[in-house]
1. Hey, can you grab everything whose amide H is under 5 Å from the amide H of LEU118? Only 5+ residues off in sequence or another chain; H modelled, so Pro and N-termini drop out.
2. If the cut-off is a Cα-Cα distance under 13 Å, which aspartates and glutamates reach LYS168, setting aside same-chain residues fewer than 8 apart in sequence?
3. Suppose a student asked you for the relative contact order of the chain, using Cα pairs under 8 Å spaced at least 6 residues apart; what percent would you report?
4. Can you give me the orientation-averaged projected area of the convex hull built on the Cα atoms of the chain, in nm²?
5. For GLU52 paired with GLU40, estimate the spin-label separation in nm (one decimal), with each label point 7 Å from Cα along the Cα-to-Cβ line.
6. Within region 174-298, what whole-number % of the accessible surface is contributed by carbon and sulfur, with the 1.4 Å probe and all protein chains included in the calculation?
7. Over the residues of region 183-298, compute the C-alpha Rg and express it relative to 2.2 N^0.38 Å.
8. Sorted by packing (mean other beta-carbon atoms within 10 Å per residue), highest first, where do 146-154, 189-197 land?
Amino acid sequence: MQSINDQQRASFVQLIADGSATHGYGHISRSREVADAFSESGFEVEFINLLERPSATLIDHGKPGLVIIDLPYPDDTWLNLARRRGNKVIGLDYLGQGSPDCLVRMNQPLTPIPCGRLFFGLEYAIIRKSVRDATPSRGVYALVSIGGADVGNHGFTAATTLSTLGLKTVLVRGPLSQDIGEAAADFTIVESPPDFSGLLARSSWVVSNGGTTMVEAMSLGKAVYVIPQTSEEERFARPLGAAGLLLGVGSHGLRVPTEDEIVSTGRRARKAVDTRGSERIVKLGQQLLGQKHFHPEA
C-alpha cells in the first residue's frame, strides 16, 4: 500500500491564475502561495500565471490530477479541459457555471454558483508565508495599499487625506498601479517594495482594498479601513465592518481612528484570521484525490 507521501508524489497539481490592472492582481499572489503549500506537502506542482503566459495550456502528465482555478472573471475553459482529462477541480472564488468539485471563497456567493461542495469563511483566507513569518510591531505610520492595480488611484487620494490630517503615511503602489507622474506628495511613496510584508507588519494601522492585503493585515492584528475597488469587495467588507473587524468601509469616511479603535479592532481582526487557509485547501485537495478525510473545521 502506498503511503500518503508516495500518493502525493504520484499526483500532479496545476494552478491557473490571472489578474491585471482591471481584474484582481491579488489572485496571482494568493494562488502562488497555494501552489507553494501543495509543493511543501509533497505534491508535484505547476503554477500557470496567465498574465505572464497567456497562451499556456494544461499538459497531461499521466498522473492523477488536481486543477485549481483562480480567475477574477467567469470562464469555464480551464475547468472543461480539466474534466476532459479526468481531473478533480477546486475553484477559488470561481465565477463560471461549470461546477467545480469544490468552491472555496472567503464570503458566501451573492447568487448560487454550481459546485459539488461550497466552503466559505475567513478560515479560507490565503496568507502568504512572508506575512505569516513577519513579526508584528506597532509602528508610527499608517500604511496605504489599494491592491496591485489600484483602479481609480484611490491610494494617492487616501494618503493625501491622512497626510493632511497630520499622520505619517506610507503609500505602497503595486506593480500595475497607474502612473501618477510628478505629483507632489507630503508622504512616502514606495513602488512594489520587496519587503512589503515587513512594512505591513510594522505599520500602526492600514488602509487597503477589500482583498488580499486586507486579510493579510488582519492576520497581523492590524486595524484596517477598507476602500473597496469593486462591488464584490464592498459586499465582502461591509459585514466585517459591522462585526467590528474593520475600522470602516467606503471611499468617503476615512478619518484618524482613536487609539482604542486601533487596538481593539486589530485584536478582533487577528482572532478572525488564523492564517491556515492554504493548509485547509491542501487538505481539501488530498481528500479529492482520495488521500485523506477532510474536516472543514480543522
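1. For LEU118, the qualifying residues are LEU103.
2. Those aspartates and glutamates meeting the cut-off are ASP186.
3. Here the relative contact order equals 16 percent.
4. The Cα convex hull of the chain, projected and averaged over all directions, gives 15.5 nm².
5. 1.9 nm
6. Its accessible area is 50 percent carbon and sulfur atoms.
7. 1.25
8. Top to bottom by mean Cβ count within 10 Å: 146-154, 189-197.
The values are calculated or read from the model by the stated rules, or taken from the named source; none is laboratory data. Computed from a prediction, not measured in an experiment: that's the story for all the values here. In this analysis, Cβ positions are derived from the backbone assuming ideal geometry, glycine residues included, and neighbour counts consider all displayed protein chains. Heavy atoms of the whole protein, side chains included, go into the accessibility calculation; ligands, DNA and RNA do not. Shrake-Rupley method; radii C 1.70, N 1.55, O 1.52, S 1.80 Å.
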